[in-house]
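What follows is a short report on a single structure.
The values are calculated or read from the model by the stated rules, or taken from the named source; none is laboratory data. The structure presented is a predicted model; accordingly, all values stated were derived computationally and were not measured. Counting neighbours? That spans all protein chains shown, and the Cβs are built from the backbone with ideal geometry, glycine included.
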Amino acid sequence: MGTEERKVGIFDMLPVMNKERATKFLIYGLLIAIIFGTILMISKSIADNAATWLSLENQQNEMNYMQGLYGYNDYIVKAERAILIRYWMEYQVIILGNISRIGVNVGMFFIAIAFLSFALNDKFDEKTRRIYLILAGVILFVIMVTTFFSQIVVQVY
């Protein structure tokens, strides 16, 4: 009785999921990416509109002072507090932006795993499996590029 050595290919080492579980990974990844992307967009909007908020706050502060609702010292304190809040509004995008970027990348990683599982599923035809493999590669490339280069912006006018 001899033992046979079996060659293990790279595709044999990849985890194969059934279609239902891969679909769940795809849906979870999309939900995670959408939620964290929305958080990032809201955070950027707050930071972009901080100057407008400060103008409105200063206008309200000046009107209240001119109407005699409070004195000069309160006017100065409220103006300084408004400036501090504006700085916090502009700074919060750094913290929330980094957390959101990590969340979006995790969601995209789930999506890439789902597409890779679809590509390894024998129940699909060869063209469909190739498309799923290409999609998984593109998503992994996007994750890699956005991780290493953080100031990439796509603007739609």
Unique match (being in a helix (DSSP H, G or I), without any contact (Cβ under 8 Å) to a residue 40 or more places away in the chain and not hydroxyl-bearing (Ser, Thr, Tyr)) among Phe109, Phe141, Phe124, Phe115: Phe141
Selection count where residues are modelled with pLDDT under 80, under 24 Å from Ile102 (Cβ atoms) and of a type outside the set (Val, Ile, Thr), scope the stretch 128-157: 5
Elements of type helices (runs of 4 or more DSSP H) in the stretch 1-92, at least 2 residues being modelled with pLDDT under 90 and either more than 24 Å from the chain's Cα centre (by Cα) or among the aliphatic types (A, V, I, L, M) (or both): 10-13, 19-48
The stretch 68-100, residues that are over 16 Å from Ser55 (Cβ atoms) and either of a type in the set (A, V, I, L, M, F, W, C) or touching a Gly at 6+ places or on another chain (Cβ under 8 Å) (or both): Leu69, Ile76, Val77, Trp88, Val93, Ile94, Ile95, Leu96, Ile99, Ser100
